[in-house]
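Just below is one structure, and these are the notes that go with it.
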Amino acid sequence: MNRRRFVLLFGLFAGCNTRLPGGETTDESPPTEPPSTARPPTETSTPAATTAPTASATPTAEPTDEPTEEPSPTRTRTPTEAEIRGTERLARAERELTEVIEVFTGAYGTELTDVTASSTNVLKQDYQLQRSLAAAQKAYVEASRRAATPEQEARAEMMSACWQFLRRLVETQFAVVQGYQHLVAARTEFEGDDASAGRDEIDALQTDRSRADNHYQNALASASAEEVSVIEVVTITEYQTKTAQLEADIETYGDLEGTLRTFADGIKWLKSAKAEFYREDRHVPRAREHADEAVPLLKEARNELKTIHDNAGEAYTLAETINSFRTLANEKIDEAQAIEV
């Protein structure tokens with residue numbers, strides 16, 4: 001078989017798209033060349049620079065020229081006209097209450113405790129104190145009526161309580177001072193050997209003591225220390241020291257009652273002994289008998305006065321007066337013992 005015929009037959013069987021002689025073609029595609037296994041030539045050009053990895057995983061914020069926004073300040077609420085009027089009325093009420101205290105203490109100092117049992121000049125301020133109290137009462141009532149907030153209402157209520165306390169305080173102090181006047185008068189009567197008049201002064205003293213104690217209890221019930229200190233001029237400590245002072249003086253008056261009556265009995269016997277001893281037709285034995293009655297009574301009164309003084313504490317203001325009674329008792333004892341000899 002010749003070569004030409006062989007090729008023709010192979011093409012028919014294989015279905016190849018082979019161009020035949022004479023321009024004929026078949027449907028067979030040309031065979032694909034096998035992939036080259038040759039190694040690619042080594043590149044000699046300089047490799048491109050690689051980008052270095054970031055050092056930190058957390059990105060760093062870049063500074064910016066934009067200003068940091070500041071927090072806006074808290075806006076203060078503007079008080080209403082009613083609140084402003086309420087504040088003004090409260091301020092006026094405080095001024096009027098302060099005026100009461102200034103009138104009360106004016107002749108002696110600035111503290112409530114500067115006025116003591118022996119501060120008799122405070123009684124001369126009675127009219128002015130009543131006027132000041134009336135003005136203060138009007139002011140706090142108006143403050144209460146004009147209060148525009150719960151806080152203003154509460155402050156006005158505290159001022160009302162403060163006023164009640166000051167009114168009772170004045171009444172208490174007046175009774176204590178009047179009791180002091182009777183106490184001093186009793187000493188004067190004892191000094192003149194008038195036991196009867198001395199007892200009258202003791203009775204008056206106890207009447208004043210009872211009134212003082214009644215006003216004092218009402219003062220305590222009317223306001224607390226916090227309520228009274230609603231005005232700036234009075235502190236809680238001042239309230240406490242003043243009430244302690246009044247209580248101590250009132251209790252001392254009560255303790256003195258029995259002691260002073262014993263003193264009066266001693267004075268009675270001493271007066272009788274002196275009358276017997278110094279009269280023109282003196283009766284010495286009777287004088288000595290009466291002196292013997294006087295001495296133990298006067299000594300008892302003197303000793304009780306010391307006990308009262310020692311137990312009263314620092315709050316009471318009657319120490320000087322009590323000591324003056326002790327001095328007088330010693331003088332009267334000496335007089336009685338002179339008759340006994």
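Please treat every number below as a calculation from the coordinates, not as lab data. The structure displayed is predicted, hence computed values, not measured ones. All Cβ positions, even for glycine, are placed from backbone atoms using ideal geometry, and neighbour counts span all protein chains on display.
Observations on the structure shown:
- Residue count for region 105-141, restricted to those that are more than 17 Å from residue 234 (Cβ to Cβ) and small (Gly, Ala, Ser): 6
- Exactly one residue out of 125, 130 is touching a Gly at 6+ places or on another chain (Cβ under 9 Å) and in a helix (DSSP H, G or I), and it is 125.
- Among residues of region 126-164, those that are buried (at least 16 other Cβ atoms within 10 Å of the Cβ) and under 19 Å from the mean Cα position of the chain (by Cα), counted: 11
- Of the residues making up region 114-125, those that are surrounded by fewer than 16 Cβ atoms within 10 Å (Cβ to Cβ) and touching a residue at least 40 places away in the same chain (Cβ under 8 Å) number 2.
- Where helices (runs of 4 or more DSSP H) fall wholly inside region 214-321, the ranges with 1 or more residues that are over 22 Å from residue 163 (Cβ atoms) are 236-278, 284-312.
- Restricting region 173-218 to residues that are polar (S, T, N, Q) and within 17 Å of residue 115 (Cα to Cα) leaves a set whose member that is farthest from the chain's Cα centre (by Cα) is 181.
- Failed criterion for residue 224 (all others in (1) of a type in the set (Ser, Thr, Tyr); (2) surrounded by fewer than 18 Cβ atoms within 10 Å (Cβ to Cβ); (3) farther than 30 Å from residue 91 by Cα hold): (3)
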